[in-house]
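S.K.: Sharing a structure, written as structure tokens. Questions coming.
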Amino acid sequence: MSPATAAVGTAPLWRVGRCEDVPLLEGRSVDVAGRRIAIFNLGDGFAAIDAECPHRRGPLADGLVAEGCVTCPLHDWRVDLRTGEVVGADEPGVHCYEVIERGGDLLLRIDHRNGIER
């Protein structure tokens, strides 16, 4: 994938698909700028995080989505989709990425820090 046009002085936007490509309360995994990222449809918007669970690298895009979190399908760790934090554990989380909906397209902003500051 190549970056879409972004405003001067900001990180590039990467087109990763269409809104309808991600069903309600499900995730899809994409490769962007050398990263594997999981995008989720929360009903009231989209969220994007690193695609691997910080526990044992489980595929978060395949997890169950409820209450703004995704549950890793391997070991039931819950990751908050807005913050990237592991729920109920003092463990490192995952990076979150800005998702922008534009004309039915899903765009991700990937910056030099490998994600958005939490």
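S.K.: Give me, ordered by chain and number, the residues 5 or more places off HIS95 or on other chains with an amide H under 5 Å from its own placed amide H.
M.R.: The list, which skips near neighbours in sequence, is ASP50.
S.K.: Also, quick follow-up: Give the residue from LEU42, ALA61, THR10 lying farthest towards the positive end of the charge dipole for the chain; charges sit on Cβ (+1 for Lys and Arg, -1 for Asp and Glu) and the dipole is referred to the Cα centre.
M.R.: It is THR10.
S.K.: What number comes out for the charge environment of HIS75, summing +1 per Lys or Arg and -1 per Asp or Glu over other residues with Cβ under 11 Å away?
M.R.: Result for the neighbourhood of HIS75: +2.
S.K.: Hey, what D do you get for the stretch 62-106 in µm²/s if you plug the Kirkwood alpha-carbon radius into Stokes-Einstein at 4 °C and 1.567 mPa s?
M.R.: Stokes-Einstein gives a translational diffusion coefficient of 112 µm²/s.
S.K.: So if I place +1 on the C-beta of Lys and Arg and -1 on the C-beta of Asp and Glu, and nothing else carries charge, what would the dipole magnitude of the chain be about its Cα centre? I want it in debye, nearest 20.
M.R.: 360 debye
S.K.: Using packing as a proxy for protection, rank 12-25, 59-72, 37-50 so that the peptide with the highest average count of other Cβ atoms within 10 Å comes first.
M.R.: The packing order, highest mean first, is 37-50, 59-72, 12-25.
S.K.: In percent, what relative contact order does the chain have, based on Cα pairs under 8 Å that are 6 or more apart in sequence?
M.R.: About 23 percent, as a whole number.
Here, each number is a calculation from the coordinates, and none is a lab measurement. Because the structure is a prediction, the values reported are computed rather than measured. So basically every Cβ, Gly included, is an ideal-geometry build from the backbone, and we count neighbours across all protein chains shown.
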